[in-house]
Amino acid sequence: MKWAMRGLGMVVALVLAGCSSVPVSSDYNVEYSFDQARRYAWLEPRSEGADPRVQNDLVDARVKRAVDDQLRARGLSRADAPDQADLLVTYHMGQEEKLDVRIFRSHFGYYPCWHCYGPYWGPGWGYGDDLWVTEYTQGTLVIDLIDARSRKLVWHGTAERRMPAFKTPADRDAWVRETVTAILERFPPGALD
């Protein structure tokens, strides 16, 4: 029994650890010499068609602080003007309402279907099927790094994840910092290799 409880505890810990990671994807120009980039400057994000729930001065300041901290930690310094920079940085944010639909076919009375005891089993019987529908908000953050001379995109990082119901500005700040950190963990290319 003791070993079973330990095993269950390990499984729960692994599941929770997997749930806490931020799904990220990135792409980059393989011919660009990222090790030559020393300074960066900000380009203003596009404002036309922007969603004011996620594109406003408060969010802008949070994203820029988080990106500045991450780029500084990677040895880049912020230039005062774009013509003094090697890289130009911009970002895009959005949010979308989504549905998470799950069907559980648990005919033997285990979680999440406590009431499913019965003589029938197999799909199609309907007895013991639980349908869970959850509405949630998915946030998307994209960070782009552009070569200052050619004005061409050289690195592109994206994260899409659920947005919690923020209660305080500190909650929003933590979400932005965690998301930016996860995206820029892959910069410069090869950082995770």
Could you tell me whether any residue of the range 47-65 is in a strand (DSSP E or B) and either at pLDDT 65 or above or crowded, with 16+ Cβ neighbours inside 10 Å (or both)? no
Could you figure out which of (1) more than 26 Å from GLU185 (Cβ to Cβ); (2) within 27 Å of the chain's Cα centre (by Cα); (3) at pLDDT 90 or above; (4) not polar (S, T, N, Q) isn't true of ARG39? (1)
Among the residues of the range 161-173, are any aliphatic (A, V, I, L, M), farther than 16 Å from ASP60 by Cα and buried (at least 17 other Cβ atoms within 10 Å of the Cβ)? yes
How many residues are assigned to a helix (DSSP H, G or I) and touching a strand residue (DSSP E or B) at 6+ places or on another chain (Cβ under 8 Å) when one looks only at the range 177-188? 5
So the check is Cβ under 7 Å with 6+ separation or different chains; which pairs have a first residue in the range 72-86 that's closer than 9 Å to ALA41 by Cβ and a second one that's among the acidic types (Asp, Glu) and assigned to a helix (DSSP H, G or I)? ARG78/ASP68
Just to check your reading of the model, which residue among THR158, THR181, THR140 is within 18 Å of the chain's Cα centre (by Cα), modelled with pLDDT under 95 and closer than 25 Å to ARG65 by Cα? THR140
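The values are calculated or read from the model by the stated rules, or taken from the named source; none is laboratory data. Bear in mind that the values here come from a model prediction, so they are computed numbers and not experimental data. Ideal geometry is used to build each Cβ from the backbone, glycine not excepted, and the neighbour counts take in all protein chains shown.
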